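Values in this text are rule-based calculations from the coordinates and carry no lab data. Just so it is clear, the model here is predicted, and its values are computed rather than measured. FYI the Cβ positions are ideal-geometry reconstructions off the backbone, even for glycines, and counts take in every protein chain you see.
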Amino acid sequence: MEASGQAAGQAVALPRERARAGEPWAARVGRAVARGPLNILLAVLAVMWLVPTLGLLLTSLLPATSITQEGWWNVVAHPSLATWENYRAIFNNSAITSALWTTVQIAVFNTVLLVVVASLAGYAFAWLDFRGRDWLFVGVIALLVVPLQVALIPIFTIYQDTGLFDTVLGLVLFHVAFGLPFGIFLMRNFFIGIPRDIMESARIDGASEWRIFTRLILPLGLPAIASLAIFQFLWTWNDLIVALTFGRNTQPLTVAIFSQTRQFGSNIELIAPASFLSLAIPLVVFLAFQRFFVQGLLAGSVK
Amino acid sequence: MEASALPAATGTGRRRRERLVPLLFLAPALVFLLVWLVYPTVRTVVRSFFGRSGSDFVGFDNYKSLFTTDTLTTAIKNNVLWVAVVPAFVTAIGLIFAVLTERIRWSTAFKTVVFMPMAISLFAAGVIWRVMDQTDPSLGTVNATLKVAHDALSSSGALTTAQPSSPALTGSPSSGFVLRAVVRPGGVALMGLTAIPPGEVPADAPDAARPLPRAGAIDGVVWRDFKPGGGRPGVVEAGEQGLGGVDVELRPAAGGSAVASTTTAANGSFSFGGVRPGDYRVAIAASTFSAPFDGVNWLGPKLITPAVMIAYVWVWAGFAMVIIAAGLSAISREVLEAARTDGATEWQVFRRVTVPLLAPVLSVVFITMVINVLKVFDIVLSVAPQSSQDDANVIALAMWRTSFGGVNDFGLGSAIAVFLFVLVLPVLALNVRRFRREQ
């Protein structure tokens, strides 16, 4: 989800070549039979990877009265057990709904801001000449792995002094800062791949750097911007430590759920649906944009 | 910013603007990096040499407590374990998955399923596994699965709640039941049990055998001393079922360990042949009364770190798989085919061609995982209950708990943060060197 997440997103979408069309069908059937055990093994593994999430979903559908007495598989055996009652309850719970709204604000606001700041800097590092450029970029690379723990205490003090403590803005700014090294790195590497001729001809036409940036670079950089936006969105949506440190009443979903886990067991009917809600949204974003990745990649690879 | 709209610039003005433009593009990013990353890092290093109040210089005292306080040394030990186990494990799983998915038709679906946990927060993943890891097998998925396996493996007739049917037999399920009377070769042992749930005796179990005395041997029977309608205790009657698969021991009456042991037949009969003259006691071994499986305590102090690790591997395996699969698709098919044509087995191709060619990708995945594992935080907090958090402690969590979780010692917290920073420094240097070589 962090630095190398970008490569990950692309690779999921990598088209797989299947160039064995000309084979006699007997050979194909033979291979399929030979691979039966492999298919079964991988099916078992896929189930193992799917069951935990599915288990949480089905647990969240159990009636509150029996949630501490029976396992989620009872819902599979008796589908009539399932109820949306727990979800109705959390949507009537103002602590959860306001946390959801806070999460949306933080994730959207900070993603937009990060994309703007990172693209500007990425363009400067890729196409503008200035003294110390390479050194500065090495500095950015060095910051890639800095653990955010080193900033928590000083920023905590600064936020308390400036009134940014316990505000959405304070959380947003912190997330932007820690998303920047990766963001700049990603943008710069993508922008630097834009053909020189395009840039030169724009400059010869007398376009200003700002104009080149907005009219040329941003449209061309859309695939990279999309992946950066998705990673940052997921990263901040899923954050716990930053919000836990710099918020009290400004609670995103993760913190709201966390404060409930202290009495885990007595309140699974709240924790399970709220957790599923908090993970369903990034999951949808991820699955939806996986397709976006495929299109962008295919368009890029045709060239 | 619309520079082209400005009147044609003079030579020096133009040069100044050329210098100014990059600065304008960079300024927002630089402000963020300086204020939120660079300054705080320096400040944290300085702060780590001051005590709790922030005004008393304490030198290296905070670093000393880092290595002498119990909860903190546990955190360091656990983190060492994390680094030793998890990155290698995740990389290996990723490699295996990547290679195997190459050979199936539904590889995209498989990859999506395994990669999906990456979209979920580590915190929510922790909640998922906390639900999975509940101890009660009727609630926790992991223990429910283990129970199915446990019940399938242990013998069908395991007695859990059996009691003696008459005072002739004494003892308890945990120590086993012993026949009060001494038995000599040529004697008979009748061992009646009651209070056995119907499910623990097969419905088609035969009636109990009535043992007859035999010279030089001790024969006997273990049976369910009960039948619909009652029956007389201590007497083997028609309609009373034998208990098969019961472990029976022959012990010297004077004490000491068993001299012989056997298992009853389906009709409950057993026999010790060729017994030397002497006094013996016959006992039903404790192993017969296997306790029901009540689940492994995953969230307890002993197993909490492995439990968190399993959850973490579940999340990150997809990442490793996807990166390695991308590296795999970049390997030339001809190289692999050439090796196969030369008669290499699939294992040799994997071991001698695929893995060496993938080495750079594998090391990237491994190093990324080391960094991630050093910073592990959220998932520990959500899998481990309050009661096991000291046992599951890791450096990043220790830093947070020391600074914000009640102790509120910013000096010690800063020292832990600096320690964490020092641990990632080698990777930082590696990244910088790799970049400079590429330039």
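Odds and ends about this structure:
- Size of charge dipole - chain B - debye, nearest 20, with Cβ of Lys, Arg +1 and Asp, Glu -1, no other charges: 1720
- When the convex hull of its Cα atoms is viewed from all sides, region A:154-279 shows a mean projected area of 10.5 nm².
- Remark: B:MET399, B:MET116 ranked as B:MET116, B:MET399, counting other beta-carbon atoms within 10 Å and listing the fewest first.
- Computed about its Cα centre, the charge dipole of region B:41-139 is approximately 300 debye, with only Lys, Arg, Asp and Glu carrying charge at their Cβ.
- Normalised by the number of residues in region B:22-175, the mean separation of alpha-carbon contacts (under 8 Å, six or more apart) gives a relative contact order of 6 percent.
- Within chain B, helices built from complete DSSP H runs that reach 27 Å or longer along their own axis (Cα positions) and carry a mean Kyte-Doolittle hydropathy of 0.5 or higher are B:70-101, B:304-330, B:355-374, B:410-438.
- Normalised by 2.2 N^0.38 Å, where N counts its residues, the alpha-carbon radius of gyration of the protein assembly as shown equals 1.24.
- Most positive-pole-ward Cα, B:LEU381, B:VAL148, B:TYR63, against dipole of chain B from beta carbon charges: B:TYR63
- Legend: calculated FRET efficiency, B:ASP70 to A:SER259, from the Cβ-Cβ distance at R0 = 30 Å, rounded to 0.05, equals 0.65.
- Scattering curve values for region B:297-417, log₁₀ I(q)/I(0), Debye with Cα scatterers, q = 0.15, 0.16, 0.22 Å⁻¹: -0.79, -0.84, -1.16
- Residue exposure sequence - A:HIS175, A:HIS78, B:HIS150 - by fewest surrounding Cβ within 10 Å: A:HIS78, B:HIS150, A:HIS175
- Residue separation of B:ALA253 and B:ASP294 scaled by 0.36 nm, minus their Cα-Cα distance, works out to 11.2 nm of gained length.
- Which of A:ALA274, B:VAL222, A:TRP73, positive extreme of dipole for the protein assembly as shown (C-beta unit charges): A:ALA274
- Taking each DSSP H run with n ≥ 4 as -39500 (n - 2.57) and averaging over every residue of chain B yields -15500 deg cm²/dmol at 222 nm.
- Distance between the modelled labels on B:ASP342 and A:ALA43, one decimal in nanometres: 3.8 nm (7 Å Cα→Cβ projection).
- Across peptide A:42-55, the average count of Cβ atoms from other chains found within 10 Å of a residue's Cβ is 6.
- Using C-alpha pairs below 8 Å separated by at least 6 residues, the relative contact order for region A:141-284 is 29 percent.
- Fewest-first ordering of A:TYR159, B:TYR312 by other beta carbons within 10 Å of each residue's beta carbon gives A:TYR159, B:TYR312.
- Region A:100-212 - charge dipole about Cα centre, Lys and Arg +1 at Cβ, Asp and Glu -1, debye rounded to 20: 120
- Shielding score for A:175-188, defined as the mean number of other chain Cβ atoms within 10 Å: 3
- Seen from a random direction on average, the alpha-carbon convex hull of region B:199-342 projects onto 19.9 square nanometres.
- Averaged over the residues of A:132-145, the number of partner chain Cβ atoms lying within 10 Å of the residue Cβ comes to 5.
- Taken over the C-alpha atoms, chain B has Rg and Dmax values of 34.9, 125 angstrom.
- Over region A:57-193: Kirkwood hydrodynamic radius from C-alpha pairwise inverse distances, Å: 18.9
- Spatial separation of Cα centroids for region B:113-129 and region A:162-195, in angstrom: 24
- Cα→Cβ-extended label distance, 7 Å offset, between B:GLU438 and A:ALA95, nm: 4.6
- Two-site label geometry, A:ARG215 and B:SER138: point separation in nm, points 7 Å out along Cα→Cβ: 7.3
- Backbone N under 17 Å from the A:ILE194 label point (7 Å along Cα→Cβ), restricted to region A:124-148: A:124-130
- Relative contact order computed over chain B (Cα-Cα under 8 Å; 6+ residues apart), in percent: 23
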